[in-house]
Amino acid sequence: MANIKSAIKRVKIAERNRLRNKAYKSAVRTLMKGYFAAVDTYAANPTPESLTEVQQRMSAAYSKIDKAVKKGVLHPNTGARKKSRLARTLKRHTNPATATAS
């Protein structure tokens, strides 16, 4: 443990930030999993209602990823990669012919 007052404070701040970052990352992963589950459901039975559900989950995941990038929890390239992965998954299931060609 640190002996200097400022070092003790930095340890506390680092722990606080670590927990906040962990919560953001966990929320991003949870929203992404929910989105992938919704896409699988939509792929099995494509209905307008399930497509709406997929779009709502995508919007929620995009929002959380953008907030995490804004707060500095995720690197901007990581956020972009995650968002790209979400969009690519939906595109694969909606247009299987064009997705396999490219």
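The values are calculated or read from the model by the stated rules, or taken from the named source; none is laboratory data. Remember, predicted model here, so these are calculated numbers, not experimental data. Neighbour counts run over all protein chains shown; Cβ positions are idealised from the backbone, glycine included. Ligands, DNA and RNA are excluded from the accessible area calculation, which covers all protein heavy atoms including side chains. Shrake-Rupley method; radii C 1.70, N 1.55, O 1.52, S 1.80 Å.
Annotations for the structure displayed:
- Near pairs, Cβ below 8 angstrom, 6+ apart or cross-chain, from the stretch 9-22 (farther than 19 Å from His75 by Cβ) to any residue that is hydrophobic (A, V, I, L, M, F, W, C) and open to solvent by 100 Å² or more (accessible area, probe 1.4 Å): Val11/Met1
- Count of the stretch 37-70 residues, restricted to those that are in a helix (DSSP H, G or I) and over 16 Å from Tyr24 (Cβ atoms), is 20.
- Test: residue in the stretch 73-92 that is touching a Pro at 6+ places or on another chain (Cβ under 7 Å), at pLDDT 95 or above and not acidic (Asp, Glu): no
- Count - residues of the stretch 1-30 that are part of a helix (DSSP H, G or I), open to solvent by 60 Å² or more (accessible area, probe 1.4 Å) and either within 25 Å of Lys91 (Cα to Cα) or of a type in the set (S, T, N, Q) (or both): 4
- Only one entry of Ala61, Ala44 meets the criterion of being free of Cβ contacts under 8 Å to residues at least 12 places away in the same chain and either in contact with a helix residue (DSSP H, G or I) (Cβ under 7 Å, 6 or more places away or on another chain) or exposed (fewer than 15 other Cβ atoms within 10 Å of the Cβ) (or both), and that entry is Ala44.
- Yes/no for Val73 being in a loop (DSSP other than H, G, I, E, B), open to solvent by less than 70 Å² (accessible area, probe 1.4 Å) and touching a residue at least 40 places away in the same chain (Cβ under 8 Å): yes
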